[in-house]
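The values are calculated or read from the model by the stated rules, or taken from the named source; none is laboratory data. Quantities reported herein were computed from a predicted structural model and do not represent experimental measurements. When we count neighbours, we look across all protein chains shown, and the Cβ atoms used for this are built from the backbone with ideal geometry, even at glycine.
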Amino acid sequence: MLKKIINRIDAVGNEYVLFWIHCAGGIPSHHIRRFFYRLAGITIGEGSTIHMGARFYNPGGIRMGKDTIIGEGVVLDGRANLSIGDHVALASEVMIYNAEHDINDKNFSARIGEVTVGDYVFIGPRAIILPGVQIGKGAVVGAGAVVTKNVDAFTIVGGVPAKVIGERIDKDPSYKLGRAAWFR
């Protein structure tokens, strides 16, 4: 009984933190949002930004490298580790989950799996990345794709479920994503 009470108090505390960082997501200054996100436990590399309207699950499990830009309305799940590399661009409304329900389990219990997004990856608008997926360096995920399996380095995937549709030509990227929009 005591364990149930402690778990419930912990869950309410976590929801309270998520509420406040959700509110911070509406502040029209990435400098202020970044301050609150770091306070909530997200590791954010130098020169990286998260645009307005982002949603988080367990922010303490989320790590972003340098010069990474996260678009508006993105959902990032840190219930298992979520590692996003350097020079990564996540377009608007991308969803990266690392926990899901096991629909074949009689208790509908959760399955979790770490997600890793390598350096120089681009993930197009409204793509969904599911638990346990590794996206290799320089890979591209097309808009609206649902990624259920690992994506090799410099591979381009698209569709539902995502399948290989091409390959990036530049195998030695060195670009920087540029200045973040301060009020977005």
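I'd like to know if the stretch 168-184 contains one or more residues that are among the charged types (D, E, K, R), in contact (Cβ under 8 Å) with a residue 60 or more places away in the chain, outside any strand (DSSP E or B) and surrounded by 13 or more Cβ atoms within 10 Å (Cβ to Cβ). Looking through the stretch 168-184, at least one residue is among the charged types (D, E, K, R), in contact (Cβ under 8 Å) with a residue 60 or more places away in the chain, outside any strand (DSSP E or B) and surrounded by 13 or more Cβ atoms within 10 Å (Cβ to Cβ). You will find that of I156, I123, I128, I169, the residue that is within 16 Å of D86 (Cβ to Cβ) and not hydroxyl-bearing (S, T, Y) is I123 and no other.
Among the numbered conditions (1) touching a His at 6+ places or on another chain (Cβ under 9 Å); (2) within 30 Å of A153 (Cα to Cα), the only one that G61 does not meet is (1). If you go through the stretch 78-114 and keep only what is surrounded by fewer than 24 Cβ atoms within 10 Å (Cβ to Cβ), in a strand (DSSP E or B), hydrophobic (A, V, I, L, M, F, W, C) and at pLDDT 95 or above, you end up with A89, M95. Every residue in the stretch 82-136 that is closer than 16 Å to V151 by Cα, of a type outside the set (A, V, I, L, M) and touching a His at 6+ places or on another chain (Cβ under 9 Å), please. Passing the criteria: D119, Y120.
For the stretch 9-44, enumerate the residues that are in a loop (DSSP other than H, G, I, E, B) and either exposed (fewer than 11 other Cβ atoms within 10 Å of the Cβ) or at pLDDT below 95 (or both). Passing the criteria: G25, G26, I27, P28, S29, A40, G41. Of all residues in the stretch 141-162, exactly one satisfies the criterion of being of a type outside the set (G, A, S), assigned to a loop (DSSP other than H, G, I, E, B) and crowded, with 18+ Cβ neighbours inside 10 Å, namely F154. Exactly one residue out of I165, I156 is within 22 Å of I69 (Cβ to Cβ) and modelled with pLDDT of 95 or more, and it is I156.
Residues of the stretch 115-140 that are over 22 Å from G166 (Cβ atoms) and either assigned to a strand (DSSP E or B) or among the acidic types (D, E) (or both): V115 alone.
For the stretch 91-143, a residue qualifies if it is within 21 Å of K176 (Cβ to Cβ) and either of a type in the set (K, R) or free of Cβ contacts under 8 Å to residues at least 12 places away in the same chain (or both), and exactly one does: K137.
Residues in the stretch 49-76 that are in contact with a Lys or Arg (Cβ under 9 Å, 6 or more places away or on another chain) and free of Cβ contacts under 8 Å to residues at least 40 places away in the same chain: I50, A54, G61, G73, V74, V75, L76.
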